[in-house]
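Here the structure is laid out as structure tokens; the discussion comes afterwards.
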Amino acid sequence: MHAPDASATVTDSYGEMLDPVFVEAFRERSTYPGGYVVREVDGGLLGQQDFMETPLRVMSLSDETIRLAKYPGNTFGNAVTMIPGVTVRGTNTYNDIGIRGYYISPHDFYLDGVAGMLSQSSLPMNFVDRIEVVSGPSVLLNGMSIGNSAAGTVNLVPKIADGNFVEVMETFSGKGNWEHALDLSQRFGETRDWGVRMVMDYADGATDFDFETMEKGNIFVNVDHQGKKSSTRVLFGYRYVDQMAPNFSLDLGDQMVPTPPPAGSNFQLPWSRYRYNNRLVTVSHTLQLNDNWQWFLKGGYQDEDWNMCMEFYYPWLIDDKGNFEARLEDVPIRFWRKSISTGVRGDIRTGQWQHQIAFSFDALWHWGRGADWFPEDIFHGNIYDRSIGSADNKMPEKQMGDWYYSGAQRAYGFGLADRISTQDDRWSVLLGIRNQHVSAQSEHDGKKYTQSDSQSVWSPNVGVMYRINPETAIYANYMEGLSKGFFVPKHYGYKNAGEYLRPRKMRQKEIGMKWDGGNISTSLSIFEVRQENVGLTEDKVYTYLGQQKNRGVE
């Protein structure tokens, strides 16, 4: 990345003042030996932060790690689970993960700090420079996501041009999946302040799961300008996926965990299918207002068109012999999202205290349409053979319902943070508060939504860090996350159908230690995270029931 001008005042051997010396250079990101782990992470409204500066558990994986984890449809899952406390919840089909025991969907990931720009399935990673993960709720830093994920933050940072080169890569994986990738990088101008990075990818063939094949392609173009006082990036992306027999995990229900089936077992019908495409554009801009203050702006637009979404949605086990059942569904959907965030950050000194202050405003819109088909047929299979693919399991006659409006959401909020540190940076305190407004709409009459509700919520956050010595720091935090409010669905027979359930808070307490030896680092954290459960009462009221509490050591 292009570094801003730096200047120094120097004197000659006689003590005479010389003219200022200006130095311009391209700064490589800071990685640990091997190049697999990056020191910096995007701290949201706080900007780029070294992992030793934050009273939170953070980790950033480089593109070298992404290359090691390459796999059709699930490169992301293979890479991110190298981080302690992160588990895979999805498969090649859905790239869902768990952070500290709580589910998070890629719909709630960030792309270059912009919310709502990614789809849930088969995330492309050829255009990604690094994966940044903050463990635990962090609504203060990034604002609210589009879904119900509040357990942590995942940010995918796209590649920018870092030289002039052309790279071609061929990859074989699965049972017969070939991938062809092209990576072009070029910088322009006398000071190489303009850059274009273009990555393209096409893959087709069988994965290592029974019946599953995947054809996918994408192109991403990232144009950047690194000026003396400003930095701008504009990313354009298009991708499509055509996947037969999209693999899902199996719901065990109340059955005992059976003997594992053969590797590569698939519990989907061979003729089930996902086919979709999406387009996106994101913009990121920073402007240095003066020596101490910076203005930032991020925004984006994304749309997805799932014209085929036929699947067994999590088939369920019915006995200890490996028999399972499943219902088929076809739910094509189309949705659109817009996102924007802006604010200022800067440094102020008050006596012996240094303040890094940041203020931000962000807003996120989501709306969509869909259709559905749920036949009454129940399909049967066994996890130990390929019986789900038998000729008896034929597609029933298809009668797709009319397209409907699937609802709209809007979230906007204000965040204020102050990182206060002593002159020697031995003590630092992160204080922050966010006000988040969330609204949901449903019941469209063909012209407008006729049902809506909204809530405003305050979320305080605090973190403390003490440096025992330059290499070692201890920290503690109390952080809050926020899940969206929503209307209780009307087509499941719930007694309170149509009721608006308010947003849920997630609360975390954590203490930890970080040590940085230069060539190697480590951290230890003890945490407790709580959030209200959503469930069904005996009289079929869908509401909040008790709490889920997760405790752990990482």
Modelled label reach - Glu215, point 7 Å along Cα→Cβ, the stretch 152-192 residues with backbone N closer than 14 Å: 178
Projected onto the charge dipole of the stretch 463-554 (unit charges on the beta-carbon of Lys, Arg, Asp and Glu, signs +1, +1, -1, -1), the Cα from Gly512, Ile468, Pro489 with the largest positive-side position is that of Pro489
Give me the percent of accessible area attributable to carbon and sulfur for the chain, probe 1.4 angstrom. 55 percent
Positive dipole terminus of the stretch 31-94, leading residue within Tyr71, Val37, Met59 (C-beta point charges): Tyr71
Excluding ligands, DNA and RNA, what is the solvent-accessible area per residue of the stretch 490-554 at a probe of 1.4 Å, expressed in Å²? 59 Å²
Accessible area per residue in Å² at 1.4 Å probe, computed on the stretch 161-250: 45 Å²
CD proxy, 222 nm, the chain: helix-only mean residue ellipticity via -39,500 (n - 2.57) per DSSP H run with n ≥ 4, per residue, nearest 500, stands at -500 deg cm²/dmol
Once both labels are modelled 7 Å past Cα along the beta-carbon direction, what's the Ile511-Lys229 spacing in nm? 4.8 nm
Taking the Cα centre of the stretch 125-220 as origin, sum charge times position over the Cβ atoms of Lys and Arg (+1) and Asp and Glu (-1), and report the length of that vector in debye to the nearest 20. 380 debye
Give me the aspartates and glutamates in straight-line cross-link reach of Lys514: C-alpha distance below 17 Å, same-chain residues under 8 apart excluded. Glu40, Asp50, Glu53, Asp425, Glu471, Glu554
Determine, for each peptide in 184-196, 133-145, 94-106, the mean count of other beta carbons within 10 angstrom over its residues, then list the peptides with the highest first. 133-145, 94-106, 184-196
What relative contact order, as a whole-number percentage, does the chain give when Cα pairs under 8 Å and 6 or more residues apart are counted? 10 percent
Ranking Trp178, Trp515 from most to least accessible area with a 1.4 Å probe gives Trp178, Trp515
Computed over the stretch 335-408, the ratio Rg/Rh where both radii use C-alpha atoms and Rh is Kirkwood: 1.44
Positive end of the dipole of the chain, charges at C-beta (+1 Lys, Arg; -1 Asp, Glu), about the Cα centre: which of Asn92, Ser421, Met308 has its Cα farthest in that direction? Ser421
Cα centre as origin, Lys/Arg/Asp/Glu Cβ charges: the chain dipole, Debye: 1280 debye
Kindly rank 388-397, 505-514, 375-384 from highest to lowest mean number of other beta carbons found within 10 Å of each residue. 505-514, 375-384, 388-397
Measure of exposure for Thr87: accessible area at 1.4 Å probe, Å² rounded to 10, is 80 Å²
Run through the stretch 288-341 and list the chymotrypsin sites (Phe, Trp or Tyr not before Pro) located in a DSSP loop whose Cβ has at most 16 other Cβ atoms within 10 Å. Tyr313
Among the listed pairs Lys216/Lys447; Lys447/Lys490; Lys216/Lys394; Lys216/Lys448; Lys448/Lys484, which are separated by more than 29 Å between their Cα atoms? Lys216/Lys447; Lys216/Lys448
For the stretch 85-180, with only Lys/Arg (+1) and Asp/Glu (-1) charged at the beta-carbon, what is the dipole magnitude about the Cα centre, in debye rounded to 20? 360 debye
With x for Gly and Pro, the residue-by-residue ³J(HN,Hα) of the stretch 200-207, computed from phi through the Karplus equation 6.51 cos²θ - 1.76 cosθ + 1.60 at θ = phi - 60° and given in whole Hz, is 9, 8, 9, 9, 7, x, 7, 7
Considering every pair of different Cα atoms, what Kirkwood radius, in Å, is found for the stretch 402-554? 18.8 Å
In whole angstrom, how long is each semi-axis of the equivalent ellipsoid of the stretch 86-162, when you take the square root of 5 times every eigenvalue of its Cα gyration tensor and sort them from largest down? 19, 16, 11
Accessible-area ranking of Leu250, Leu364, Leu416, largest first, probe 1.4 Å: Leu416, Leu250, Leu364
I'd like the Karplus ³J(HN,Hα) series for the stretch 466-471: coefficients 6.51, -1.76, 1.60, θ = phi - 60°, whole numbers in Hz, and an x wherever there's a Gly or Pro. 10, 8, 5, 8, x, 9
Given backbone amide H placed at 1.01 Å from N, residues whose amide H is under 5 Å from that of Asp112, ignoring those fewer than 5 places away on the same chain, are Leu156, Val157
How big is D, in µm² s⁻¹, for the stretch 37-152 by Stokes-Einstein at 25 °C and 0.890 mPa s if Rh is the Kirkwood radius over C-alpha pairs? 174 µm²/s
Whole angstrom only: what separates the Cα centroid of the stretch 205-272 from the Cα centroid of the stretch 434-473? 29 Å
What shape does the stretch 371-466 have by the C-alpha gyration tensor, where a ≥ b ≥ c are the square roots of the eigenvalues, rounded means a/c under 1.5, and otherwise prolate means a/b greater than b/c and oblate the rest? oblate
Largest first, how would Thr232, Thr259, Thr282 line up by accessible area (1.4 Å probe)? Thr259, Thr232, Thr282
In the calculated pair distance distribution of the chain, what percentage of Cα-Cα distances lie above 34 Å? 43 percent
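The values are calculated or read from the model by the stated rules, or taken from the named source; none is laboratory data. Note that the structure is predicted; figures quoted are calculated from it, not measured. Don't worry about glycine lacking a Cβ; one is built from the backbone with ideal geometry, like all the others, and counts go over all protein chains shown. Calculation scope for accessible area: heavy atoms of the full protein, side chains included, ligands and nucleic acids excluded. Shrake-Rupley method; radii C 1.70, N 1.55, O 1.52, S 1.80 Å.
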